[in-house]
Amino acid sequence: MRQSAVSFKIKNKSGNLDLEGVVALPDADLGPWPAVVMCHPHPLFGGNMDNNVVLAVTAALNDQGFATLRFNFRGVGNSEGEHTKGDMEGEDVLGALEMLKAWPGVDGKRIGVAGYSFGSSVVLGNSSTHKKAKAMALISPPLRAVESTSLKTHKLPVLIISGDKDKLVRSDGLGPALDSFKYRPECQVIEGADHYWGGLEGKLALEICRFFTTKLK
């Protein structure tokens, strides 16, 4: 895995913001690679691009021949701006997609998005992202975000994955919520996993890799 610290600009009401991230490329070949943008969990509860789930998923994807971009949302780490509770963070995801799409060796026609917890809420809540990505993996998404997303009408490959011990996300409510989707997402509930995936990051990452390999490679 070859990693590069990066900075990319996004539009903001008061001007441009610079966000920080890390692009990682596979060692095996020179591309063109399919690619995935990874969105971190809630920054007000310690979430950032170095979260255990974010690192496990991106590393596993790199091993499977994917380029990845993990980044800090606005107001997190060295990313400029302020946290907006998800209202404007969708613009950050769009900027990350454009940045990764333009990276040398990346196949711009095979780019997916993965989000974890708050990151998945941002992805679900931004309809423009649904048009830019070719596949989406949503880890531990809040039920309310699944119920309210405009993604319900999109014919887009989607994986929703949660743990049966998750006290913050009602995985038992995912089934009824997904019944309202025109194209029902794939749904996986992992036995023994809670919201933080401690000790089960590897199993989670394998499922994410399987999904994106099927849809993007």
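The values are calculated or read from the model by the stated rules, or taken from the named source; none is laboratory data. Since we're looking at a predicted model, the values are computed, not measured. Counting neighbours? That spans all protein chains shown, and the Cβs are built from the backbone with ideal geometry, glycine included.
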Tell me, yes or no, whether segment 164-178 has at least one residue that is in contact (Cβ under 8 Å) with a residue 40 or more places away in the chain and in contact with a Lys or Arg (Cβ under 9 Å, 6 or more places away or on another chain).
no
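For every residue, the table says whether it meets (1) hydrophobic (A, V, I, L, M, F, W, C); (2) at pLDDT below 95.
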| position | (1), (2) |
| --- | --- |
| Ala135 | yes, no |
| Ile139 | yes, no |
| Thr153 | no, yes |
| Pro157 | no, no |
| Asp172 | no, yes |
| Asp179 | no, yes |
| Cys187 | yes, no |
Out of the residues in segment 95-136 that are surrounded by fewer than 20 Cβ atoms within 10 Å (Cβ to Cβ) and of a type in the set (A, V, I, L, M, F, W, C), which is nearest to Lys11 (Cα to Cα)?
Ala102
So the check is Cβ under 8 Å with 6+ separation or different chains; which pairs have a first residue in segment 188-203 that's at positive phi and a second one that's basic (Lys, Arg)?
Gly192/Lys165
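Looking only at helices (runs of 4 or more DSSP H) that fall completely inside segment 98-217, which ones have 3 or more residues that are over 15 Å from the mean Cα position of the chain (by Cα)? Even if it seems obvious, please write down each step before you answer.
Values: elements: 118-125, 127-132, 143-148, 174-178, 201-216.
Result: 143-148, 174-178, 201-216.
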Determine whether Gly75 is touching a residue at least 12 places away in the same chain (Cβ under 8 Å), of a type outside the set (Phe, Trp, Tyr) and surrounded by fewer than 19 Cβ atoms within 10 Å (Cβ to Cβ).
yes
Within segment 1-35, which residues are part of a loop (DSSP other than H, G, I, E, B), free of Cβ contacts under 8 Å to residues at least 40 places away in the same chain and either surrounded by 18 or more Cβ atoms within 10 Å (Cβ to Cβ) or not charged (D, E, K, R) (or both)?
Ser14, Ala28
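Specify which of the listed residues (Gly31, Gly47) is modelled with pLDDT under 95 and in contact with a strand residue (DSSP E or B) (Cβ under 9 Å, 6 or more places away or on another chain). Show your work before the answer.
Working: Gly47 fails: modelled with pLDDT under 95.
Matching residue, one of Gly31, Gly47: Gly31.
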Answer yes or no as to whether Lys101 is touching a residue at least 24 places away in the same chain (Cβ under 8 Å) and closer than 18 Å to Ser4 by Cβ.
yes
Failed criterion for Leu168 (all others in (1) of a type in the set (A, V, I, L, M); (2) closer than 21 Å to Leu61 by Cβ; (3) modelled with pLDDT under 95 hold):
(2)
Within segment 36-87, track down each residue that is more than 11 Å from the chain's Cα centre (by Cα) and part of a helix (DSSP H, G or I).
Pro43, Leu44, Phe45, Asn52, Leu55, Ala56, Ala59, Ala60, Leu61, Asn62, Asp63
